[in-house]
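Asker: Just dropping this structure here.
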Amino acid sequence: MSCLAACSKMLLDFTGNITAEKALRDLLHTDAFGTVVMNILVLNTALPETKTAIHRWPLSQLQNYLITKQRPCIVTVKTGLLPHWKGQDCAHALVVHGFGD
């Protein structure tokens, strides 16, 4: 299973575009190692009503997006920086829908 495909499914479900996760894994060319982040752009062609983009934002810009757009988004993180992923350092995708204080 791929975290990026799972996150994509969550956002597509959020927007009302219900898609099976297996179909997304196939579409995103997910393999045993996961999904290449750039592959998410294929959703623009496969699902024309979907607008995907990749940004490299500082935290303040991500916060601004979430506040102004009121929509969740997918972010990538390095698990080695997360305390509960002890001893594992890999790329991981998460859905973010807001920020706490």
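Asker: Here are G34, G80: which of them is among the small types (G, A, S) and either over 24 Å from T19 (Cα atoms) or in contact with a strand residue (DSSP E or B) (Cβ under 7 Å, 6 or more places away or on another chain) (or both)?
Answerer: G80
Asker: Next up: Among K22, K78, K69, which is surrounded by fewer than 10 Cβ atoms within 10 Å (Cβ to Cβ) and either within 12 Å of S2 (Cα to Cα) or of a type in the set (D, E, K, R) (or both)?
Answerer: Going through K22, K78, K69 in turn, the sole match is K69.
Asker: Name the residue that is nearest to S8 (Cα to Cα), counting only residues in the range 54-81 that are touching a residue at least 12 places away in the same chain (Cβ under 8 Å) and part of a loop (DSSP other than H, G, I, E, B).
Answerer: P72
Asker: L28 passes all but one of (1) modelled with pLDDT of 95 or more; (2) closer than 17 Å to G98 by Cβ; (3) of a type in the set (A, V, I, L, M, F, W, C); which number fails?
Answerer: In the conditions (1) modelled with pLDDT of 95 or more; (2) closer than 17 Å to G98 by Cβ; (3) of a type in the set (A, V, I, L, M, F, W, C), L28 misses (2) alone.
Asker: Follow-up. Does any residue of the range 82-92 turn out to be under 15 Å from the mean Cα position of the chain (by Cα), in a helix (DSSP H, G or I) and crowded, with 16+ Cβ neighbours inside 10 Å?
Answerer: no
Asker: In the range 4-38, how many are without any contact (Cβ under 8 Å) to a residue 12 or more places away in the chain and in a helix (DSSP H, G or I)?
Answerer: Count: 4.
The values are calculated or read from the model by the stated rules, or taken from the named source; none is laboratory data. Treat the numbers as computed from the prediction; the structure is a model and nothing was measured. As a convention, Cβ positions derive from the backbone with ideal geometry for all residues, glycine included, and neighbour counts pool all protein chains shown.
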